[in-house]
Each structure stands twice: as C-alpha cells, then as structure tokens.
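Here the structure is laid out as structure tokens; the discussion comes afterwards.
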Amino acid sequence: MTQSQSRYSIVERLTQTKLDIMKEKSDMNKKLRTIKENINNAEKDLECWEIDIKSEIKKTRRQKQKQIEDAKSQYDAYTEHIKEVEQSIDERIMTIDQALESIEEISKTSPTINK
C-alpha cells in the first residue's frame, strides 16, 4: 500500500506542478494580451489626439484670421474717418484764411482810427 500511496503522491505532485506551470503560461499569455491591448489603446489615443489637434489648429487659424479681418476693417473705417475729419479741418482752415484775407483787404482800404 505504501507503494501505491507513494505513486499516488508522486502523480499528485507532478499533476500539481503541471497545473502550476500551465497557470504560469496562461498568466504570461494574459499579461501579453493586456500589454497588446495597452498598445492598441495608446495608438487609438494618439490618432484621436492628432485629429483633435488638427481640428484645434483649424479653429485657432479661423479665429486669428477673423481677428486680422476685424483689425483691417477697423483700420479702413478709421482711415475713412480721418479723411472726413481732415476734410472738415481743411474747410475750417480755408474759411479762417478767407476771413483773414477779408480783414486784410479791409485794413488796406480803410483808414485806421487812432484814439
């Protein structure tokens, strides 16, 4: 009976060792699948990030182009305003010059009264 128990015990230990080795192999394969999934997820994240960045660049470019267009419009409007103001000033100066010429002509022809 001892031989039978001894064989049983050896078979049991060998079977347990085999199961342990198989579990270790399975764990390694599971870890390998997890690492591969992490790689796939990282690649997908990179692709999404690149798409997001391209979209953000386009959005920022449009905003900056709009700022430039707005600044140009403001510049053009202010340039037109300056032209109008300068024209008004030139007209006022011309009116003052005409008044001064008139006063000068009157001064030349009229006698000055000294008191």
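The values are calculated or read from the model by the stated rules, or taken from the named source; none is laboratory data. Predicted model, so just to flag it, every value in this text is computed and none were measured. We place every Cβ from the backbone using ideal geometry, glycine too, and count neighbours over all the protein chains shown.
Does segment 80-88 contain any residue that is among the hydroxyl-bearing types (Ser, Thr, Tyr), over 25 Å from the mean Cα position of the chain (by Cα) and modelled with pLDDT of 95 or more?
Within segment 80-88, one or more residues are among the hydroxyl-bearing types (Ser, Thr, Tyr), over 25 Å from the mean Cα position of the chain (by Cα) and modelled with pLDDT of 95 or more.
If the Cβ limit is 8 Å and pairs must be 6+ apart or interchain, which residue in segment 3-19 that is at positive phi and modelled with pLDDT under 95 pairs with which residue that is among the β-branched types (Val, Ile, Thr) and not in a helix (DSSP H, G or I)?
none
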